[in-house]
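Trainee: Supplied in structure tokens, the structure appears directly below.
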Amino acid sequence: MSLESQKDALRRRASATFHSVKPDASSQDTALPADGDSSMPPKQTRWFTWNVTRADWDILIVSTVIKLLLYPSYRSTDFEVHRNWLAITHSLPISQWYHDTTSEWTLDYPPFFAYFEKLLSVPAYFIDPKIVDLQNLNYDSWSVIAYQRTSVIVTELVLATALLRFIPGSVDPSIQRIISATLFLHPGFLIVDHMHFQYNGFMFGILLWSILMARNGNKLASGILFAVLLNFKHIYMYLAPAYFVYLLRAFCLTPGGQVEIKNFLALANAVIGVFIASLGPFAIMGQIPQLLSRLFPFTRGLNHAYWAANFWALVTAVDRVLLRYIQFTGANISVDPAGVASSSRGLVGDTVFAVLPQIKPIHTFVITVFFQLAILVKLWRNPSVKSFLTALTLCGWTSFLFGWHVHEKAVLLILVPLSLLAAERHAYFRTYLIASVAGIFGLFPLIFTPAESVVKVVYSAIWIAGVYGLLSRRVYEYPKSLVYVIIDLCEKAYLAGFIPLLAFVSLMSLRNHRISAAASASSASGSRGHAGSPSGAASGGMEFLPLMVTSVYCSIGLIWAYLRLGSIYLFEESEYQGQLRTIQS
């Protein structure tokens, strides 16, 4: 590639950034403004200038129609969980919210979410009093289905408004509009919120508002919004280290390292005020220990029922393979009897390895902190907005890969902030593409009914094709060397592997379904063949195989993409910024 071509490529990368606004020579991130940059365009501070286009309205309308059509679709036990929380907060005094055990689905989110459920319970009572009847377990009339589905759509407007606000002030509004649209239409939200059922769109809207405040230089508001978010759902603690380091370094300290007393006190008092509003009533009632026992149930095992596609999925799979090897060869290797069934049964509980050493919560905590330290040190040294966003993504990613009892849905903590980096340059886009395909496919087992399975696959395929078509040409770079060519081919082969993986999982699921149906029919007719047999026996002991293969294959992609982004952040980005500054000069 010629020198002029290299210059053009670097300029295109600089213009593709989502961040605001024009570069400042004093900034460590040349594509970003210095904090408090007075050269920020006036439109960046005009909060009510939304600049909503016809295309934005079309996206909102089409997506809403799709979500309305999904009202009758499959819904998980989370639907009853949230209905029960409506009943708890409506029917009981606040002193009993975190003590009630009427249902097995006890309240285990922080107080702000409980207050949120209390607010939602008011119109629910007027629509249908049975919705908030604490004794009316597993209520599934059309009134509760329509109300709860609608509440997800309405509260998701917090996400929509945040994404719209990212567009004004960005270097290239056309690219940012694409990213905002793809985030709002993200298959993860469709699968987890509008089919499986949760309120992630609402809460990620708060996160994106917080990131937007940081981008716009309002770090105090960014910190307050994140504190609010933590009190809605404590899983966002995965991101807390990046917020702590960034706000301390960029807001509470001067560039020379002196403490900004005014800023420090303002942030500390605001955050403390948020936590007092959330936890204060329970502290007065002496219920903080009870509340914490609900929020942090460490009695649960290393893996969730369906393994999240993380490092422990690989370790657990290795343990399964070693166990099979020992059983097949009779090798003289010690096997823990409790681990023979534990890791493969697909249930919530202690994960006991049959061959490998056991993993405890403290082990996962130490490993997570260890890998986060290098990220946080880099953020401390370079507290720019882009550095913060990348560190935020990597901190969430580290916790997802190495945390204790990680849910598969937590992959959204990676995919949402990573989306904002997708158009930075080709290295970021390829990382985003691999993580998106692996992360979205890793959510597929949440939806296993036939009709909805078609919807999730078709919708996700259209979304991925749209993202690739709209962004890949804008950031594409030719491989720099033979090593990059090999990496490029391996990554393409990995992505192509999801097609046979989907075929395998679909065929295995169909096989297991037929065997299970035959066993049920045999049992109903009085046959002794499979009557009373567990599903594992009925399906030849392979009913968990599609889940395991999915987790393992997706975890390979997510771990590789994590190493990819970490390498870019820790080693390549400084070199790239140096090249860009040289060309600009």
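The values are calculated or read from the model by the stated rules, or taken from the named source; none is laboratory data. Worth saying up front: this structure is predicted, and the values here are computed from it rather than measured. Ideal geometry is used to build each Cβ from the backbone, glycine not excepted, and the neighbour counts take in all protein chains shown. The accessibility values were calculated without ligands, DNA or RNA, using every heavy atom of the protein model including side chains. Shrake-Rupley method; radii C 1.70, N 1.55, O 1.52, S 1.80 Å.
Trainee: How much solvent-accessible surface does R300 expose, in Å² to the nearest 10, with a 1.4 Å probe and all protein chains in place?
Mentor: Number for this one is 80 Å².
Trainee: So what is the accessible area of the range 77-154 per residue, in Å², with the probe set to 1.4 Å?
Mentor: Details: 3270 Å² over 78 residues.
Heavy-atom accessible area per residue stands at 42 Å².
Trainee: Let me ask something additional. Roughly speaking, to the nearest percent, how much of the range 332-453's 1.4 Å accessible area is carbon and sulfur? Walk me through the numbers on the way to the answer.
Mentor: On the way: 2810 of 4010 Å².
So the carbon and sulfur contribution to the accessible surface is 70 percent.
Trainee: Going by average Cβ density within 10 Å per residue, which order do the peptides 274-285, 183-194 take, highest to lowest? Before the final figure, lay out the partial values.
Mentor: Values: 274-285: 15.4, 183-194: 23.4.
My ranking of the peptides, most packed first, is 183-194, 274-285.
Trainee: To continue, here is another question. Tell me, what % of the accessible area of the range 77-154 is carbon and sulfur with a 1.4 angstrom probe? Each step should come with its number before you reach the end.
Mentor: Numbers: 2000 of 3270 Å².
Answer for the range 77-154 is 61 percent, counting heavy atoms of protein chains only.
Trainee: Over the range 84-173, what lengths in whole Å, largest first, do the semi-axes of the equivalent ellipsoid take, defined as the square roots of 5 times the eigenvalues of the alpha-carbon gyration tensor?
Mentor: Values: eigenvalues 203, 53, 20 Å².
Equivalent ellipsoid of the range 84-173: 32, 16, 10 Å, largest first.
Trainee: As a test question: what accessible area, to the nearest 10 Å², does S384 have when a 1.4 Å probe is rolled over all protein chains in place?
Mentor: 10
Trainee: Oh, and also: Hey, what do the phi angles of the range 225-233 turn into as Karplus ³J(HN,Hα) couplings, whole Hz, using 6.51/-1.76/1.60 and θ = phi - 60°, x for Gly and Pro?
Mentor: For the range 225-233, the Karplus-derived couplings read 5, 5, 4, 4, 4, 4, 8, 8, 8 Hz, x marking Gly and Pro.
Trainee: For the range 462-506, which trypsin sites (Lys or Arg not before Pro) are in a loop by DSSP, counting at most 10 other Cβ atoms within 10 Å? Working shown, then result.
Mentor: Values: sites: R473, R474, K480, K492; in loops: K480.
Answer in residue order: K480.
Trainee: Using modelled amide H (1.01 Å from N, peptide plane; none on Pro or chain starts), what sits under 5 Å from the amide H of L253, excluding residues fewer than 5 places away?
Mentor: Those qualifying (amide H under 5 Å, at least 5 residues apart or on another chain) are E260.
Trainee: At a 1.4 Å probe radius, which order do W307, W380 fall into by accessible area, largest first?
Mentor: Numbers: W307 5, W380 100 Å².
Putting W307, W380 in descending order of accessible area: W380, W307.
Trainee: Where the Cα atoms of the range 356-402 are projected onto their three principal axes, how long is each span, largest first, in whole Å?
Mentor: 41, 16, 13
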